[in-house]
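Participant: One structure, as structure tokens, below. Some questions next.
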Amino acid sequence: MARRLFVRIEVSALADAIGEVQAPFTRAAGIDPTDPDRAHVTLKFVGDTATDRVPEIREAVERAVREADVGPFEARLGGLGVFPEFEYIDVVWIGVPRGATEMTRLHDALEDRTTAIGVDPTDHEFTPHVTIGRMRHAGGKERVQELVAERDPDVGTVSVEAVELTESHLTGDGPTYEVLDRIALE
């Protein structure tokens, strides 16, 4: 049985502020908001993984975090953006104007260690972000574009003290997350 794994930094301490930023988007047609209580920055999507490979993945993640040599840091969330581009929106997100350097170092180390053991490489440039919504259809695209262009929210600061190897369980009510390993930043 495959387990859907990813490595994240949890930022749900800012759930209320993230929800406030997200609220105007929820009125745009075609957008599925994410749950602010599950807010996180994905450092590396591992994907579907055989259960017997989980210890190997765990070891690679632990090694990568040590090798990145990133201690606890403050991350500031703010600003808005979209993927893949402004004219064709799949994802709406909040950026990381402070702490992105540390997150990128962690991502790069995770990428090196996990691809060395056969995990597919990330197929796009790493941009630290918190997803606040996904577009199902383009019905509300113009409204989303207006909101992204007009707003530059300062969401707040969160202390980052650990990286989490997490399993995602997809349900009809959205994903639920199970932390398999929490690696403290030292």
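Participant: Of the conditions (1) closer than 25 Å to Asp32 by Cβ; (2) surrounded by 22 or more Cβ atoms within 10 Å (Cβ to Cβ); (3) of a type in the set (Ser, Thr, Tyr), Tyr88 fails just one. Which one is it?
Facilitator: (2)
Participant: Anything in segment 22-68 that is at positive phi and touching a Gly at 6+ places or on another chain (Cβ under 8 Å)? List them, or say none.
Facilitator: Correct list: Gly30 only.
Participant: While we're here: Would you call Thr171 surrounded by 12 or more Cβ atoms within 10 Å (Cβ to Cβ), among the hydroxyl-bearing types (Ser, Thr, Tyr) and at negative phi?
Facilitator: no
Participant: Any chance you could count how many residues in segment 88-111 are assigned to a loop (DSSP other than H, G, I, E, B) and either polar (S, T, N, Q) or at pLDDT below 95 (or both)?
Facilitator: Filtering segment 88-111 for residues assigned to a loop (DSSP other than H, G, I, E, B) gives 99.
Next, from what is left, pick out any that are either polar (S, T, N, Q) or at pLDDT below 95 (or both): none.
Adding up the residues that qualify gives 0.
Participant: Please determine whether any residue of segment 120-127 is under 30 Å from Glu56 (Cβ atoms), among the hydroxyl-bearing types (Ser, Thr, Tyr) and in contact with a Gly (Cβ under 8 Å, 6 or more places away or on another chain).
Facilitator: Yes: segment 120-127 contains one or more residues that are under 30 Å from Glu56 (Cβ atoms), among the hydroxyl-bearing types (Ser, Thr, Tyr) and in contact with a Gly (Cβ under 8 Å, 6 or more places away or on another chain).
Participant: Moving on to the next point. Go through segment 112-122 and give me each residue that's outside any helix (DSSP H, G or I) and out of contact with any helix residue (DSSP H, G or I) (no Cβ under 8 Å at 6 or more places or on another chain).
Facilitator: Residues of segment 112-122 outside any helix (DSSP H, G or I): 117-122.
If the condition is that a residue be outside any helix (DSSP H, G or I) and out of contact with any helix residue (DSSP H, G or I) (no Cβ under 8 Å at 6 or more places or on another chain), then Gly118, Asp120 are the ones that fit.
Participant: Please verify whether Ala29 is in contact with a His (Cβ under 9 Å, 6 or more places away or on another chain) and of a type outside the set (Val, Ile, Thr), treating the condition exactly as stated.
Facilitator: yes
Participant: All but one of (1) surrounded by 13 or more Cβ atoms within 10 Å (Cβ to Cβ); (2) assigned to a strand (DSSP E or B); (3) in contact with a Ser or Thr (Cβ under 9 Å, 6 or more places away or on another chain) hold for Glu178; state the number of the condition that does not hold.
Facilitator: Going through the list (1) surrounded by 13 or more Cβ atoms within 10 Å (Cβ to Cβ); (2) assigned to a strand (DSSP E or B); (3) in contact with a Ser or Thr (Cβ under 9 Å, 6 or more places away or on another chain), Glu178 breaks only (1).
Participant: Step by step: first the residues of segment 1-29, then only those that are of a type in the set (Lys, Arg) and outside any helix (DSSP H, G or I), then the one that is surrounded by the most Cβ atoms within 10 Å (Cβ to Cβ). Which residue is that? So that I can check it myself, show each step before the final result.
Facilitator: Here is the first cut: in segment 1-29, the ones of a type in the set (Lys, Arg) are 3-4, 8, 27.
Subsequent filtering for residues that are outside any helix (DSSP H, G or I) retains 3-4, 8.
Values: Arg3: 18, Arg4: 15, Arg8: 21.
Selected residue: Arg8.
Participant: Pairs under 7 Å by beta carbon, first residue surrounded by 21 or more Cβ atoms within 10 Å (Cβ to Cβ) in segment 100-115, partner in a helix (DSSP H, G or I) and of a type in the set (Gly, Ala, Ser), six or more apart or different chains?
Facilitator: Leu106/Ala68; Ala109/Ala64; Ala109/Ala68; Leu110/Ala64; Arg113/Ala60; Arg113/Ala64; Thr114/Ala60
Participant: Quick one: how many residues across segment 87-106 are of a type outside the set (S, T, N, Q) and over 22 Å from Gly19 (Cα atoms)?
Facilitator: To start, the set of residues in segment 87-106 that are of a type outside the set (S, T, N, Q) comprises 87-100, 102-103, 105-106.
Okay, now just the ones that are also over 22 Å from Gly19 (Cα atoms), so 87-88, 102-103, 105-106.
Matching residues across segment 87-106 total 6.
Participant: Identify the single condition in (1) farther than 17 Å from Leu165 by Cα; (2) within 14 Å of the chain's Cα centre (by Cα); (3) surrounded by fewer than 16 Cβ atoms within 10 Å (Cβ to Cβ) that Ile132 does not satisfy, given that it satisfies every other one.
Facilitator: Condition not satisfied by Ile132: (3).
Participant: May I pose another question? Can you tell me how many residues in segment 125-151 are assigned to a helix (DSSP H, G or I) and among the hydrophobic types (A, V, I, L, M, F, W, C)?
Facilitator: Here is the first cut: in segment 125-151, the residues assigned to a helix (DSSP H, G or I) are 138-150.
Keeping just the survivors that are among the hydrophobic types (A, V, I, L, M, F, W, C) gives 138, 144, 147-149.
Summing the residues that are assigned to a helix (DSSP H, G or I) and among the hydrophobic types (A, V, I, L, M, F, W, C) in segment 125-151 gives 5.
The values are calculated or read from the model by the stated rules, or taken from the named source; none is laboratory data. This one's a predicted model, so the numbers in the text were calculated from it and none came from an experiment. Using ideal geometry, Cβ is built from the backbone for each residue, glycine included, and neighbour counts are taken over all protein chains shown.
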